[in-house]
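The values are calculated or read from the model by the stated rules, or taken from the named source; none is laboratory data. Bear in mind that the values here come from a model prediction, so they are computed numbers and not experimental data. Counting neighbours? That spans all protein chains shown, and the Cβs are built from the backbone with ideal geometry, glycine included. Remember, those area values only see protein heavy atoms, side chains included, never the ligands or the DNA or RNA. Shrake-Rupley method; radii C 1.70, N 1.55, O 1.52, S 1.80 Å.
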Amino acid sequence: MRIFECPNCQTLIFFENTECVRCKTLLGFNIETKNFDAVTDSHQLCSNYGLKLCNWLVDPRYGQYCTACSLNRNVPNVNDKENFVKWRHLETAKHRLIYQLHQLNLPLIPRSQDVENGLAFDFLGVINPHNATTGHANGVITIILKEADSVYREQMRKRLSEPYRTLLGHFRHEIGHYYWKLLLKNGDLSGFRELFGDERTNYDNSLQNYYASDTPKDWAQSYITEYATAHPWEDWAETWAHYLHLMDTLETASSLGLSIAPKITQSSYFTMDECQDPYQIRGFKEIFNPNVALTCAANSLSRSMGLPDIYPFIISKPVFTKLKFIHEYLLKIRF
């Protein structure tokens, strides 16, 4: 995620800002320009702005909600204070997701406009009419509100032996399922099947087998996470999520003008020249190599604070090839 500057006084501002901390200018994020505007009478703010759920502008031709909020289908009642706070956390993560999907030039069609191919988000309680759980089904991404509770999320992470579990990670994983169906399902799947496996393998049976048996100890040689071994669709979604992780962190580093030059003799893999905008880079290796240095540096800083690694993963050659496949597929859309 880039950093931004106030359009009035050029002070540093961040993605979630609603006003400039220096000059107090009211700010609205413009997804088309990917910059903040100083809000005037000619601008229309998203209807969720007043609820402190959103800071985006809308095109009045397209209704009262912004690009991100128009994708919501079911949300908590604003009078439910506990769930409303959780919804706010979900919106923060979702807006970052939608920004990145826009960067990748991916289609963002509300399900209300296209029932067959559109996208919608349901933010539900544990008890809901269809007993839905966090996941994706036919263009609808469901996130259970309890995921916004950091204690619950950590409990689930430990129970499932996951090294990483965040709201943004959930969104990136589930949107991977959506775009597999939208972009790949009706195309040539030979390249996908060569790397990820045959998705025609029964999905429900595969998940049952995954939870009922031990994962092979050498899974990390071919998969980004243990859960990716469950089924080719899950391998795709997990790898897709990590591709979005890498792109977003590198965009942040580029925006900050970061470079890394360790004061050690053998530092080639740990060196990062001032990096470029990853969304303008065609070669995946030119994205991947700086990320190795960046994540090593970030993990080292995190350990200095006594915290877990920010990126607790090691990318094997087969996983690199899968990430490269996703990158090259998306290049066709972006350029």
Legend entry - lysines with Cα under 22 Å of Lys34, excluding same-chain neighbours fewer than 8 positions away: Lys24, Lys52, Lys94, Lys332
Inset, instruction - Report the full-extension gain for the segment Asn209 to Tyr269: residue separation times 0.36 nm, less the Cα-Cα distance, to one decimal in nm. - result: 17.8 nm
Inset, instruction - Mind putting a number on the dipole of the chain about its Cα centre? Charges go on the C-beta only, +1 for Lys and Arg and -1 for Asp and Glu, and I need it in Debye to the nearest 20. - result: 300
Legend entry - Neighbour cut-off at most 16 other Cβ (10 Å), DSSP loop, chymotrypsin sites (Phe, Trp or Tyr not before Pro), the range 140-226: Tyr164
Legend entry - Net charge of neighbours whose Cβ lies under 10 Å from the Cβ of Ser259, counting Lys and Arg as +1 and Asp and Glu as -1: -2
Legend entry - Overall Cα dimensions of the range 283-335, principal axis frame, Å, largest first: 42, 22, 14
Inset, instruction - Lys and Arg at +1, Asp and Glu at -1: add these up for the other residues within a Cβ distance under 13 Å of Lys317 and post the number. - result: +3
Inset, instruction - Return a whole-number percent for the relative contact order of the range 37-98, with Cα pairs under 8 Å and 6 or more residues apart as the contact set. - result: 26
Inset, instruction - Select from Asp41, Asp248, Asp277 the residue whose mean-square fluctuation is largest in a Gaussian network model of the chain (Cα-Cα springs shorter than 10 Å). - result: Asp41
Inset, instruction - Averaging sequence separations of C-alpha pairs under 8 Å and six or more residues apart, then dividing by the length of the range 231-335, give the relative contact order as a whole percent. - result: 26
Legend entry - Accessible area per residue, Å², the chain with all protein chains present, probe 1.4 Å: 53
Legend entry - All-pairs alpha carbon distance profile, the chain, 20 Å steps from 0, percent: 28, 61, 12, 0
Legend entry - Highest-MSF residue in the chain out of Asp214, Asp273, Asp114 [GNM, Cα springs under 10 Å]: Asp214
Legend entry - Paramagnetic reach from Tyr279 in the range 37-65 [backbone N under 19 Å; point 7 Å along Cα→Cβ]: 37-38, 55-59
Inset, instruction - Along each of the three principal axes of the Cα atoms of the range 18-166, give the extent in whole Å, ordering the values from largest to smallest. - result: 49, 40, 33
Legend entry - Shape category assigned to the range 196-300 from the gyration tensor of Cα positions, a/c cut at 1.5: prolate
Inset, instruction - Count neighbours as other Cβ atoms within 10 Å of each site's Cβ, and list the GluC sites (Glu not before Pro) in the range 26-131 that are DSSP loop with at most 10 such neighbours. - result: Glu32, Glu116
Inset, instruction - Enumerate the calculated ³J(HN,Hα) couplings along the range 322-329 in order (Karplus 6.51 cos²θ - 1.76 cosθ + 1.60, θ = phi - 60°), each rounded to whole Hz, writing x wherever the residue is Gly or Pro. - result: 5, 4, 5, 4, 5, 4, 5, 5
Inset, instruction - Over the range 219-292, calculate the relative contact order: mean separation of alpha carbon pairs under 8 Å at least 6 apart, over the residue count, as a percent. - result: 24
Inset, instruction - Post the alpha-carbon centroid distance, the range 114-182 to the range 239-305, in whole angstrom. - result: 28
Legend entry - Förster radius 45 Å - calculated FRET efficiency between Asp37 and Val151 (Cβ-Cβ, nearest 0.05): 0.75
